1. Show the residue pairs that are 6+ apart or on different chains and have beta-carbon atoms under 7 Å apart, the first residue being within region 380-392 and under 12 Å from Q402 (Cβ atoms), the second being among the aliphatic types (A, V, I, L, M) and open to solvent by 90 Å² or more (accessible area, probe 1.4 Å).
2. Within the group A191, A195, which residue is among the small types (G, A, S), in contact (Cβ under 8 Å) with a residue 24 or more places away in the chain, outside the structural domain of A304 (by the TED database) and in contact with a Phe, Trp or Tyr (Cβ under 7 Å, 6 or more places away or on another chain)?
3. Mind checking which residues of region 138-161 are open to solvent by 80 Å² or more (accessible area, probe 1.4 Å), modelled with pLDDT under 85 and in a helix (DSSP H, G or I)?
4. Can you tell me which residue among R294, R310 is open to solvent by 50 Å² or more (accessible area, probe 1.4 Å), in the same structural domain as S226 (by the TED database) and modelled with pLDDT of 90 or more?
5. Which residues, taken from region 162-183, are surrounded by 15 or more Cβ atoms within 10 Å (Cβ to Cβ) and either of a type in the set (G, A, S) or in contact with a Lys or Arg (Cβ under 7 Å, 6 or more places away or on another chain) (or both)?
6. Within region 381-399, is even one residue under 30 Å from V421 (Cα atoms) and touching a Leu at 6+ places or on another chain (Cβ under 8 Å)?
7. Quick check on region 91-106. Is at least one of its residues open to solvent by less than 40 Å² (accessible area, probe 1.4 Å), more than 19 Å from T171 (Cβ to Cβ) and at pLDDT 85 or above?
8. Quick one: would you say E350 is surrounded by 11 or more Cβ atoms within 10 Å (Cβ to Cβ), of a type in the set (D, E) and part of a loop (DSSP other than H, G, I, E, B)?
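The values are calculated or read from the model by the stated rules, or taken from the named source; none is laboratory data. Small disclaimer: the values here were computed from a predicted structure and weren't measured. Cβ placement follows ideal geometry from the backbone for every residue including glycine, while neighbour counts extend to all protein chains displayed. Heads up: the accessible areas ignore ligands, DNA and RNA and are worked out on the full protein's heavy atoms, side chains in. Shrake-Rupley method; radii C 1.70, N 1.55, O 1.52, S 1.80 Å.
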Amino acid sequence: ATLADSFLADLDELSDNDADVLEEENNDVANMEEDIDGDLADIETLNYDDLDSVSKLQKSQRYIDIMQKVEDALEKGSDISNQGLVLEDDPEYQLIVDCNGLSVDIENEIVIIHNFIRDKYRLKFPELESLVHHPIDYARVVKKIGNEMDLTLVDLEGLLPSAIIMVVSVTASTTSGKPLPEDVLQKTIDACDRALALDTAKKKVLDFVESRMGYIAPNLSTIVGSAVAAKLMGTAGGLSALAKMPACNVQLLGAKKKTLAGFSTATSQFRVGYIEQTEIFQTTPPALRSRACRLLASKATLAARIDSTRGDPLGNAGKTLKEEIHKKIEKWQEPPPAKQPKPLPVPDSEPKKKRGGRRLRKMKERYAITDMRKLANRMQFGVPEESSLGDGLGEGYGMLGQAGSGKLRVSIGQSKLAAKVAKKFKEKNYGSSGATSGLTSSLAFTPVQGIELTNPQAHAHQLGSGTQSTYFSETGTFSKIKRT
């Protein structure tokens, strides 16, 4: 075969493969379309038009069995013969654990039915969902109002507070809603009846759990109450699981995470669960509630551990722990003790050690006040002092110049320290070394009146008093005539 024939054969194989790939892709697309159609069909069956497809809890076998056991137990009462059994083997304890789980499912089911009612009734009264927030209250109001447009003909007394009834009536007069069709209204009323039935079942379950908590966990129920104790046990998964939990986790049981939409959590309330529903927490001042919550959680954990081992079936330990909680909270609210006046310390009677010696005497002499300053600081009785600006203005001179001379100067005697320094200065030879230099000058200022030109190389001879000297003397000194 030539090279061209081989290339043609390869091209034929590639075209055959492309056809197979296209067929597979077409099959996949067809299968995907079938799947999409099936999913859409499932979604259509789960639409909100059918209440049974949304709410399925009441028709479940688990709900029916638990509610039947609860009703039988409430009619029969507590069985004393089973109190000697281990807590985990007690059938009532197992029923309590199942009831706690069922109560959570009932709450979720009520929320689902509330969304169904709200979506259907929004066409009639869209503002009602923003005025009545609780699902059960909303269901009762919707069932009461129905398709009535004039709420003055509807008596909502007992369903809502009077203030909210007034707001609902005013809002209904200006609403943009329209009456619902009969089939939609009937579905909405059925949903309201189902929500109210679930709420009644939930209350029955909680009543049963609370009635048995005094036997299952007497100490825990004494501290936090039967309802809160049942919720803590249900969330933790039983009394044994609750007893094994640390107190910091018990404090967070039932807490819901708040979505603050990106805002700061600094000012939000601290996270707390079912503990906030206790009577002790509600009666505590808001500033102390965080401390009270930690205290309640720690004491509730101790009580749960006592109950899990059947340490005190009568609940005396729980009463003791509750009294400790009350005493601590009362202690926190007491004002701080008044500050007692502190007496001054006893003064030292011993004389203080003073530094003495030559260094201290010299320092005192150096900083001693002068005679002129002493006179300036002193005033003579009955004699006005002189001042720098006159008439008592400016700086006063005190007794300066009041000795009769009329002068303000006072002869200041040279201090011993100044005399000693002057003596040392004279002893040093500050004159020329004898060699003439271009930097030395023959011009010197002397105490005599005039300027004296001296010869550094010549020895000075003292002139006799009362004589007259010539202009050019033997010493080579030029000076004016000096008269005595």
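1. That search, which allows pairs on different chains as well, returns E385/M379.
2. From the options A191, A195, the qualifying one is A191.
3. T152, L153
4. Going through R294, R310 in turn, just one is open to solvent by 50 Å² or more (accessible area, probe 1.4 Å), in the same structural domain as S226 (by the TED database) and modelled with pLDDT of 90 or more: R294.
5. A172, G177, L180
6. no
7. Scanning region 91-106, I find at least one residue that is open to solvent by less than 40 Å² (accessible area, probe 1.4 Å), more than 19 Å from T171 (Cβ to Cβ) and at pLDDT 85 or above, so the answer is yes.
8. It is false that E350 is surrounded by 11 or more Cβ atoms within 10 Å (Cβ to Cβ), of a type in the set (D, E) and part of a loop (DSSP other than H, G, I, E, B).
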